[in-house]
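No lab work stands behind these numbers, since they all come straight from the coordinates. All values derive from a computational prediction rather than experimental measurement. Here Cβ is always computed from backbone atoms with ideal geometry, including for glycine, and neighbour counts include all displayed protein chains.
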Amino acid sequence: MKEIFVSECPYCHTLIEGNWDWEKGRICIQGYCDICKIFILEDEANWRNKEECCYLAGYITGLTDGDGTVCFTPKNVPYRKKQRYWRVALKDKKILVRLQKSLEAFEIYLVIKRFSKGIWKLESRKFQVLERLREVFNYSNQLEYKRGWLAGIYDAEGNHHKANLRIYNFSLSLQSKVIRYAKEFDFKFYKQNYPSIKGNNVGLKGNKIDKQRFFDIIQPVKKSYYATHTN
């Protein structure tokens, strides 16, 4: 026997519909939080999974923002000929493998294929996949999502060389997003625009310890390169 009652979202405390599971003797929250824009899972054992999903959704979004191409509503094309698609193409296959595994957490199953010489890709034009990706991109704005997003954007656009850790991108809004999200983890990024460096970028301010802390907390795939070049 299950009785419907009103409970709270554990993140923002918005009231949502839930129920009491008399057999398990605990609250089983079910529903969708309009404030956090996330689905609330059934039982307490799944809250850790929810945090992991927030990170993975952020990682997918960060990689897409950095090295991806996405088109949900093409313009200036007859409706029947519209081509909706999503693609992330990279040289580093290890990053695509992690992206592939991250997508599987949201029941999106894609195969890594060759895009061009030395470049690999994950791609889909299926309507169901694109609609699910749209949900992933708007999955959450929680701290774990931001941590995952920073990992994704670093794997897409980041580079570490000697004392410098930078994320390259011409988009001023994306640069501001890096600075804003990183600040929540006590990292200070600042905008750089040197003539000798191709493109605008944001750099991490700090010493070797700060850079190591960035990799330890954010956990991008590229952290392994840093570990082998700091001895």
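Modelled label positions at Asn138 and Asn164, each set 7 Å beyond Cα in the direction of Cβ, lie 3.9 nm from each other. 3J(HN,Hα) couplings calculated from phi for the stretch 203-212 with the Karplus curve 6.51 cos²θ - 1.76 cosθ + 1.60 (θ = phi - 60°) are, in sequence order, x, 7, 8, x, 9, 4, 5, 5, 5, 5 Hz; Gly and Pro show x. Counted by Cβ distance under 10 Å from Ile153, the other residues give a net charge of -3, where Lys and Arg count +1 and Asp and Glu count -1.
Pairs spanning more than 20 Å between alpha-carbon atoms, out of Lys91/Lys205; Lys126/Lys222; Lys188/Lys211; Lys93/Lys205: Lys91/Lys205; Lys126/Lys222; Lys93/Lys205. The charge dipole of the stretch 149-227, taken about its Cα centre with unit charges on the Cβ of Lys, Arg, Asp and Glu (plus for the first two, minus for the last two), comes to roughly 220 debye.
The peptide list 107-120, 170-183, 54-67, put in order of mean Cβ contacts within 10 Å with the highest first, becomes 54-67, 170-183, 107-120. With a sphere of radius 10 Å drawn around the Cβ of Glu184, what net charge do the other residues whose Cβ falls strictly inside it have (Lys, Arg +1; Asp, Glu -1)? Cβ neighbours under 10 Å give a net charge of +3. In a solvent-free Debye calculation with one equal scatterer on each Cα, what is log10 I(q)/I(0) for the stretch 95-224 at q = 0.16 Å⁻¹, listed in the order of the q values? The Cα Debye sum returns log10 ratios of -0.92. For the stretch 149-227, the Kirkwood hydrodynamic radius comes to 12.4 Å, computed from all pairs of different C-alpha atoms. Legend: translational diffusion of the stretch 96-156 by Stokes-Einstein, Rh = Kirkwood radius over C-alpha pairs, 4 °C, 1.567 mPa s; D = 101 µm²/s. With 0.36 nm allotted per residue and the present C-alpha distance subtracted, the Lys113-Lys208 stretch has 30.5 nm of extension available. For the stretch 49-137, the spread of Cα positions along the three principal axes, ordered from largest to smallest, is 41, 35, 21 Å.
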